[in-house]
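Colleague: Dumping the structure here so I can ask a few things about it.
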Amino acid sequence: MTTHLYACAHAEEFPAQALLRLRTDLAVQPVVVLDGRPPLQTVCSLNRPARLKGASLGMTRLEAETIPGLHILARSQETEAAARAVLLECAAHFSPRLESVDESTACACVLDITGTERLFGPPHTLAERLRDSLASAGLRASVSVSVNFDTARMKAATTRGITVIPPGHEAVALAKLPLDALALDEDPYETFAIWGIRTLADLAALPESDLVARLGPQAVAWRNLARGALPHTFQPIEPAFTLREFCAFETPVEQIYSLLFIGARMIDCLATRAATHALSLASLVVEMKLDGNRAYQRTIRPALATTDRKFLLKLLQLEIAAHPPQSAVLSITLSAQAGQSSKVQLGLFAPQTPEPSRLDVTIARLKAIAGEDRVGSPVLEDTHRPGSFRMESFAIANPTAPYKSTIGLKEVPSRPHMALRRIRPPANVRVQLNALKPISFRDREQSYRVTAAYGPWRTSGCWWSTDPWDTEEWDVLAESSTGSSLACLLVHNRSQNQWQLEALYD
């Protein structure tokens, strides 16, 4: 028969921990968290420096404001949800079987670590690695290991640090815990207080038959809980893997550097979480709630998925600088889409290409100067309109294509092709016709005599819209007055009766 083994990670004062996880500037400062509607707000969570300052749970806002140097924050359910997802994600690295056992303002989960010794070592080593993993994510938690589910849960909630309970010592480990660890209703507590029962050891020592006769059959479960012998049916959950970080500000933020300070910590957390799954960040979505019930959203897409924190922070800085929020920021959310990081094999004799991160930063700076619609990669549109295209962001279509070596291969002479060089913008010309066919034309500099003209090729479209076109094209061979030859494309805009030199043939 397989003996189950459980580990419980218990993070107390979770509302405060969730808010301070991204606010590293307040990590060592006394902080209390208020919950409720004004003016009936009370302290629901606080950190250790605030407790040393004299703050306590249940204090009103007015009482908290009388303590000098105390930072007062408002409780944020979105921040706690994001931090809880991080806690479950860290725990899932050690076991896929998790059960949530949240209590009041504490966030906790129990892991089924049966048979994980070969992966993570003995239970004490696993507990240390689990605690360190949560600490790296900005969460402080106590860890308890036991063969009994409820023993691990209650021990982690009432002690600090790491506790490993040997099999058969569950009752000894729980003996000194108060009756509050059972989380019972008020009536049993009053009865136990009259009897003089103060600890779990006192409850476990009571005769079972007498206890059932006085308090009913549910007293058997209480006695088994106190002895660490209550069986439990594990109810695992499946937390979804989402890369999302949220931070709400107690006062509206107007400075970009204050946003980047929080954004740097968010990007660091997102990159670390993605790296633990052997993934990278393919895109970042920045959402801000602005003063005046406004919303702000921008998307950052690097050319290649990456976990480079400095590079992503630089892109965030350039994006916010190019598109600043229109009012003060109340909260910021960073959501990331995970992607596979790709590596390109370079050839021994091929020149080294620039780093994709440098290209992304350069493009972002050019967009800030010239405009987003003027920087990118031209893409032809699905239309018959000549020269119709749009600008899209640069992207590497197949970065993982294998490198093909050309060493030892003879170069095959390619067939010569004619190149068409577009003139941007087209040059206006004056054309002389004979039988509706161009025989000469003149630009700003000199005149040309047409020696051969092929055409016309007529196109038209969008007659139903406000931007129709009706043109005819001529491929022309011409000689200038100086004797030089020219092969070009002349376009006649029939709707405006205008001739233009659109392109040159090389």
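The values are calculated or read from the model by the stated rules, or taken from the named source; none is laboratory data. Keep in mind the model is a prediction, meaning the values are calculated, not measured. Here Cβ is always computed from backbone atoms with ideal geometry, including for glycine, and neighbour counts include all displayed protein chains. Side chains included, ligands, DNA and RNA excluded: accessible areas come from the protein's heavy atoms. Shrake-Rupley method; radii C 1.70, N 1.55, O 1.52, S 1.80 Å.
Colleague: Under the Karplus relation 6.51 cos²θ - 1.76 cosθ + 1.60, θ = phi - 60°, what is the ordered set of whole-Hz ³J(HN,Hα) values for the stretch 202-211, x standing for Gly and Pro?
Modeller: 5, 5, 5, 7, 6, x, 5, 5, 5, 5
Colleague: Quick one: ranking Thr383, Thr66 by accessible area, 1.4 Å probe, largest first, what do you get?
Modeller: Ranking Thr383, Thr66 by accessible area, largest first, yields Thr66, Thr383.
Colleague: What is the stretch 420-505's relative contact order, in percent, from Cα pairs under 8 angstrom and six or more apart in sequence?
Modeller: Relative CO of the stretch 420-505 lands at 30 percent.
Colleague: Right, another one. Residues with amide H under 5 Å of Thr114's amide H, sequence separation 5 or more or different chain, H placed in the peptide plane at 1.01 Å from N; which?
Modeller: Amide H neighbours of Thr114, under 5 Å, 5+ apart: Leu5.
Colleague: Continuing with the same structure: Before rounding to the nearest 500, sum -39500 (n - 2.57) across all DSSP H runs of length at least 4 in the chain and divide by the residue total; then give [θ] at 222 nm in deg cm²/dmol.
Modeller: After summing the helix terms and dividing by residue count, I get -8500 deg cm²/dmol.
Colleague: Another question about this same structure. From the phi of every residue in the stretch 262-275, what ³J(HN,Hα) in whole Hz does the Karplus formula 6.51 cos²θ - 1.76 cosθ + 1.60 yield, where θ is phi - 60° and glycine or proline is x?
Modeller: 6, x, 5, 5, 5, 5, 4, 5, 5, 5, 5, 5, 5, 5
Colleague: Can you list the HN-Hα couplings for the stretch 44-60, worked out from phi with the Karplus curve (6.51, -1.76, 1.60; θ = phi - 60°), rounded to whole Hz and with x for Gly and Pro?
Modeller: Rounded to whole hertz, the list is 9, 7, 7, 9, 5, x, 5, 5, 5, 6, x, 6, 8, 5, x, 5, 7.
Colleague: Right, another one. Taking Cα pairs under 8 Å and at least six residues apart, what relative contact order does the chain come out at, in percent?
Modeller: Relative contact order of the chain: 9 percent.
Colleague: Also: What span do the alpha-carbon atoms of the stretch 6-56 cover on each of the three principal axes, reported in whole Å from largest to smallest?
Modeller: Result for the stretch 6-56: principal-axis Cα extents of 43, 24, 22 Å.
Colleague: Efficiency by 1/(1 + (r/R0)^6): what FRET value for Asp382 and Ser481, r their Cβ-Cβ distance, R0 = 45 Å, to the nearest 0.05?
Modeller: Working: r = 43 Å, r/R0 = 0.95.
After rounding, the FRET efficiency stands at 0.55.
Colleague: Now for a separate question. Over the stretch 1-105, calculate the relative contact order: mean separation of alpha carbon pairs under 8 Å at least 6 apart, over the residue count, as a percent.
Modeller: After rounding, I find 26 percent.
Colleague: If R0 is 60 Å, what FRET efficiency do you get for Glu186 and Ser327 from their C-beta distance, rounded to 0.05?
Modeller: 0.75
Colleague: Which residues make up the longest stretch of the chain clear of GluC sites (Glu not before Pro) that lie in a DSSP loop with no more than 11 other Cβ atoms within 10 Å, not counting the sites?
Modeller: 1-380
Colleague: Taking the Cα centre as origin and putting +1 on Lys and Arg beta-carbons and -1 on Asp and Glu beta-carbons, what dipole magnitude results for the chain, to the nearest 20 debye? Working shown, then result.
Modeller: Numbers: 52 positive and 53 negative charges, 345 e Å.
Dipole magnitude for the chain comes out near 1660 debye.
Colleague: Under a 1.4 angstrom probe, counting protein chains only, how are Ser335, Ser95, Ser495 ranked by accessible area, largest first?
Modeller: Ser495, Ser335, Ser95
Colleague: OK, next. Could you give the distance between the Cα centres of the stretch 431-474 and the stretch 1-53, to the whole Å?
Modeller: That distance is 76 Å.
Colleague: Under a plain spin-label model, where a point goes 7 Å from the Cα along Cα-to-Cβ, how far apart in nm are Thr276 and Ala368?
Modeller: In this crude label model, Thr276 to Ala368 measures out at 3.3 nm.
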